[in-house]
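As structure tokens, the structure follows; a few thoughts come after it.
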Amino acid sequence: MTRYIHKLKILLFTLFLALSMNMAGIVQAVHADGIRTTVYILSAALFFLYANIAPLTLYPENKRMGGKRLKRLDKGVSLLFYAGLTMTVSTIWLIRLAFCLSFENMKGILLYVLAVLLCLCGGGILLCNGSLRLFASSLQMGIRYRLALLLLWWVPVVNLFLFGRLYRLACMEYETELEKEELNAVRKKSECCHTKYPLLMVHGVFFRDVRFFNYWGRIPGELMKNGAQIYYGNQQSAASVAECGQELAGRIKQIVSETGCGKLNVIAHSKGGLDMRYAISRCGAAEYVASLTTIDTPHRGCLFADYLLQKAPERLRLYLDGKYNAALRRFGDDSPDFLGAVTDLTAEKCLARNEELPDSGQVYYQSVVAAMRGAYSARFPLNLTYDLVKRFDGENDGLVSISSALWGNVYQELHLKGRRGISHGDLIDLNRENIREFDVREFYVNLVNDLKEKGF
């Protein structure tokens, strides 16, 4: 019943908004006197202003769910909706008005042109207001759509398709986030991610754990909403497996010592999985690690990395090494080693390391692997590397092959139906993208809940 009432409110709100945008034409049609004209126009202007400041939102849940960002997103979506609907109604009204008015004198023509211009301005203001709110709140618009909107908003027909696309994107984003909040509210008391041991999340190569850009995207926030206690590896962005392993072992011992938690559950992505295996097998971290979950980790290396290192001229390798190391020192790395990190990802190095680093009987090992469906499944630069990796290593996520990433007592292979697939970046929510067939945040909630169920 409540939804039907809300739909009626939306209908009435749209009607009044359309009337306010077409008041010039209405005044002409009813032949109002000066006082009534003033009252009509002033009332229309005030309502139009109010509608732009505090529009009636499309989703009645807005009042009781969602933070500031979601509320702003809902208002942006609503304004685009009202812009489209009122412009449609206004067009029909103006066409009808053209047959009713007399255009025999210049005054009639000017008044009709004024009515058209006011209607266009009203629709433009609604579109601009809604778009600005989406700019400020939407995570799914991305850079592409933001640039397209800035460059093409004025192009007829093209802008209609563009605004329509943005409206659908924003609607799906709002509905997805609202469902998330409702789901988390339902299971809040169960704390399904409150594991026996805290979580340590370990990043991969060429990234750092920084305060303002979380390597794991929205995943940690979702886990903490469901009771998880999270720490980060804080190892260097690029260094040898041995060096990063030592750093991680020290970090693990520090957390255990400071918190008294006894052990940690480790979730490691990409090269971070190799670093953790070294920390466990060679650096004394085994007794402090309850479980290790590797995510798209090249346990058996990457043949394409061997190929690139062989083909790349030594001068180029040294140049890249020097530039990267110099840059990362400025970002906080003590001793970055670009070439050392890349070399440790080769198949030759990984296979030799596997012989030297047997799994610990004290640790529960499991792995997660994913695969793209084609180069079109991911954004730059993984769309460029997919075919190269496939040539040497077979089916892959843009960097790591399925055969290389399988490891441990249990493993999961993630495949999507259709063309999309899952990339190396998708599994850490790198682009903060809502993938219709794969909810990455919910995947990690289930993953951690499974660790909890296993007693970890």
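For this structure, a couple of remarks:
- Dividing the summed helix terms, -39500 (n - 2.57) for each DSSP H run of n ≥ 4, by the number of residues in the chain produces a 222 nm estimate of -19000 deg cm²/dmol to the nearest 500.
- Length gained on full extension, Arg211 to Phe392: 61.5 nm, using 0.36 nm per residue less the C-alpha separation.
- Efficiency of FRET between Leu147 and Asn446 - r from beta-carbon atoms, R0 30 angstrom, step 0.05: 0.25
- Compared with the alpha-carbon gap, the fully stretched path from Ile5 to Arg330 is longer by 111.2 nm at 0.36 nm per residue.
- Backbone N within the stretch 412-451 under 16 Å of label point (7 Å from Arg69 Cα along the Cβ vector): 429-435, 440-442
- Sequence-separation-based contact order of the stretch 302-456, relative, with Cα cut under 8 Å and 6+ spacing, percent: 21 percent
- Lysines whose Cα lies under 28 Å from that of Lys7, excluding same-chain neighbours fewer than 8 positions away: Lys63, Lys68, Lys71, Lys75, Lys180
- Placing a pseudo-label 7 Å from each Cα along the Cα-to-Cβ vector at Arg187 and Thr38 gives an inter-label distance of 6.3 nm.
- Given R0 = 60 Å, the distance between the Cβ atoms of Lys311 and Ala136 translates into a calculated FRET efficiency of 0.85.
- Whole-angstrom gap from the stretch 216-275 to the stretch 330-363, using each part's C-alpha centre: 16 Å
- Across the chain, C-alpha contacts under 8 Å between residues 6 or more apart give a mean separation that, scaled by the residue count, equals a relative contact order of 13 percent.
- For Trp153, Trp93, Trp407, order by how many other beta-carbon atoms lie within 10 Å, fewest first: Trp153, Trp93, Trp407
- For the chain, the convex hull drawn through the C-alpha positions has a volume of 195 cubic angstrom per residue.
Bear in mind that the values in this text are calculations on the coordinates, not laboratory data. Predicted, not measured: the structure shown is a model, and the values here were computed from it. Every residue, glycine as well, gets a Cβ built from its backbone with ideal geometry; the counts of neighbours run over all protein chains shown.
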